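Where a number appears in this text, it was derived from the coordinates with a stated rule and is not lab data. Predicted model, so just to flag it, every value in this text is computed and none were measured. No Cβ is skipped: glycine too gets one built from the backbone with ideal geometry, and neighbour counts run over all protein chains shown.
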Amino acid sequence: MPVSGLAITLMSDPKTRRDALSALESSQYIDVGELVGNRLAIVIDTPDSGTDRDLWQWLNDLPGVAFVDVVSVHMADDDQDAGTAGGPGNGSGTSTDAAADRDYDASSSSQGTQP
């Protein structure tokens, strides 16, 4: 279950910005934060990596979106959901860092395959 925190920069044209914001708000997978100037915080929460890739492509092609900055990405799997492999309270920053690195690599793969 991929979850991404993003900072979106919208175009400065009011109509284009309004249309992009409306499109973002209409997606069932996107939670939209407060618009501050042309910047907008969003969270993408999709059920699987295929839907996540499709949504990322749609977001990058969306008229009115100037930039997409990645704040965080998390790719949950059964082990992580169960509280193993770098879960909270494990007392070791290394496991959490390793899991975050793996999540980033998996989400940034242009082939869409995971290591």
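All C-alpha to C-alpha distances of the stretch 2-75, sorted into 10 Å bins beginning at zero, yield P(r) values of 20, 60, 19, 1 percent in whole numbers.
Taking the number of Cβ atoms within 10 Å of each Cβ as an exposure proxy, the fewest-first ranking of GLU25, GLU34 is GLU34, GLU25.
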